[in-house]
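A.B. asks: Following this message is one structure expressed as structure tokens.
The values are calculated or read from the model by the stated rules, or taken from the named source; none is laboratory data. As the structure is a computational prediction, the values presented were derived from the model and not from experiment. Here the Cβ positions follow ideal geometry from the backbone for every residue, glycine too, while neighbour counts run over all protein chains shown.
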Amino acid sequence: MTFRLSTASLIALALLAAAGANAPSSAAESHDHGAHGAAAPSTIGASIAPAGGLKIGEPATFTLSLAAEDGKPITLADLKVAHTEKVHLLIVDPSLTDYHHAHPKPGAAPGAYTFAITPGKAGEYKVFADLLPVATDKQEYAATGFAVVGTPAPVEKIANRKTTVAGHGFEWAFEGGPPVAGQPRKARLTVTGPDGKPFAGLEPIMGAFAHLVGFSADRAEIAHIHPLGQEPRSAAERAGPTLEFQTQFAAAGYHKLFAQVQIGGKSVFAPFGVEVAPAGSATAAPAKPTSAAPAAGHGQQHGRDEPVAIPATIAEILAAADRRVAAIDRAIAGGGLAKVHAEAFAARDLLAALPQKVAGLNPEEAKALDAAIGRVRQQAGLLDKFGDAGDAAQTRAVLARFKKEIAGIRQQVEGKPSR
Ligand SMILES: [Cu+2]
């Protein structure tokens, strides 16, 4: 079967500028940041033919066909690599519980690709081919599907922000309260190890530290986004325990999110259920504490830290960030580790405002600044985690890197004109 998505249905979670800017990026830009978010209208049609009858739990092979609007086959030469692959297939069953991420290989005929998965549920599976055509250079989805014998299960609209998969704990939290349709919301994924401690060993997978794929309950909408900040530059890099995402849901209602990460060489999928409030709902609804927060009590505070005021000049921003860093030093020295996160996030937000303030950077310098701010974001997340965990040694170690990064940023921006 073949069908096209309407433009309106394409954008479920739109990724905003990855590197510190507050303004939404265009769809074209989002790819430069290594993220697929707001997708373009589809120019490619997809269809799928299974090799045989499909039964629950039985491995199956499929042929995917991709064609342009004029019927011309879409071959690998027509597609660009995005996150290490030219074709990503994001596949989900009607109950939104059996999610697969597959990479088909070119088959015998031009425009034909083959892949294999084992469907775990009955009913009409939906398949989104996530593509970056050479012709448009804009990410798009081509949708198709296949049916597995049996009666499909309904979507269970369970909202869960915590889950345990493969011994690891995954917790999803929106900053500033539950998501509202049409409003950007920063969100954080925090990972703990089998020992319950913050886990910082997330491995690169397909050119990112995580792939977050979200579906609306009716599967009319899909999005595929990646963490904010620097993407991995080598296979040896590790991330965690906290990854930040910029989300924006187009529609209200239930959404299912799958965070795909790699641990110990294996893909791990952490499912979350999220209820998105209708546009225009109160935005200041406080986030309910989602964890049995330690005595530090920060579970109640998280996400509701006062937004930091951004001073007018570069020198003032740097000075304000320095004061926050000094406060972290004092907090560590005085045993006030629970206070570290507020100062770290304030410093991060101050520094993240710099790209919009600094004039006269060449593209290379602007890129370097964005990258440094990406690292600052990661480090602020670590300061938060280790501070809350009461781990003074780790907090101190991350703070040393944080200071070094800020010193580098200072060198990049000091003396440049403000705008
Ligand atoms: Cu991805």
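A.B. asks: Do any residues in the range 200-217 that are on the phi > 0 side of the Ramachandran plot and not assigned by TED's automatic domain parsing to the domain that holds Gly374 have Cβ atoms under 8 Å from those of residues that are more than 8 Å from the ligand (Cβ to nearest atom) and part of a strand (DSSP E or B), where the two are at least six apart or on different chains, and which pairs are they?
C.D. replies: Within 8 Å, the pairs are Met206/Glu85.
A.B. asks: For Gly196, are the conditions met, namely being outside the structural domain of His100 (by TED's automatic domain parsing) and over 25 Å from Gly265 (Cα atoms)?
C.D. replies: no
A.B. asks: Can you tell me how many residues within the range 105-137 are within 16 Å of the ligand (Cβ to nearest atom) and over 23 Å from Pro271 (Cα atoms)?
C.D. replies: 2
A.B. asks: Considering only residues that are surrounded by fewer than 18 Cβ atoms within 10 Å (Cβ to Cβ) and β-branched (Val, Ile, Thr), look in the range 67-83 and name the one that is farthest from the ligand (Cβ to nearest atom).
C.D. replies: Taking the candidates together, the pick is Thr75.
A.B. asks: So Pro194 fits all but one of (1) surrounded by fewer than 19 Cβ atoms within 10 Å (Cβ to Cβ); (2) within 16 Å of the ligand (Cβ to nearest atom); what number is the exception?
C.D. replies: (2)
This table checks each residue for (1) in contact with a Gly (Cβ under 9 Å, 6 or more places away or on another chain); (2) among the charged types (D, E, K, R); (3) assigned by TED's automatic domain parsing to the domain that holds His100; (4) modelled with pLDDT under 90.
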position	(1), (2), (3), (4)
Gln260	no, no, no, no
Ile263	yes, no, no, no
Lys266	no, yes, no, no
Gly273	no, no, no, no
Pro294	yes, no, no, yes
Asp305	no, yes, no, yes
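A.B. asks: Looking only at residues in the range 221-237 that are of a type in the set (A, V, I, L, M) and part of a loop (DSSP other than H, G, I, E, B), which one is farthest from the ligand (Cβ to nearest atom)?
C.D. replies: Ala236
A.B. asks: Would you point out which residue out of Asp218, Asp130 is among the acidic types (Asp, Glu), part of a strand (DSSP E or B) and farther than 17 Å from Thr242 by Cβ?
C.D. replies: Testing whether each residue is among the acidic types (Asp, Glu), part of a strand (DSSP E or B) and farther than 17 Å from Thr242 by Cβ leaves just Asp130.
A.B. asks: Oh, and also: Could you list, in sequence order, all residues of the range 66-82 that are farther than 16 Å from Ala143 by Cβ, among the aliphatic types (A, V, I, L, M) and assigned to a loop (DSSP other than H, G, I, E, B)?
C.D. replies: Val81
A.B. asks: While we're here: Yes or no: Arg219 within 28 Å of Gly120 (Cα to Cα) and either crowded, with 19+ Cβ neighbours inside 10 Å or aliphatic (A, V, I, L, M) (or both)? Walk me through it before giving the result.
C.D. replies: Working: within 28 Å of Gly120 (Cα to Cα): yes; either crowded, with 19+ Cβ neighbours inside 10 Å or aliphatic (A, V, I, L, M) (or both): yes.
Yes, satisfied.
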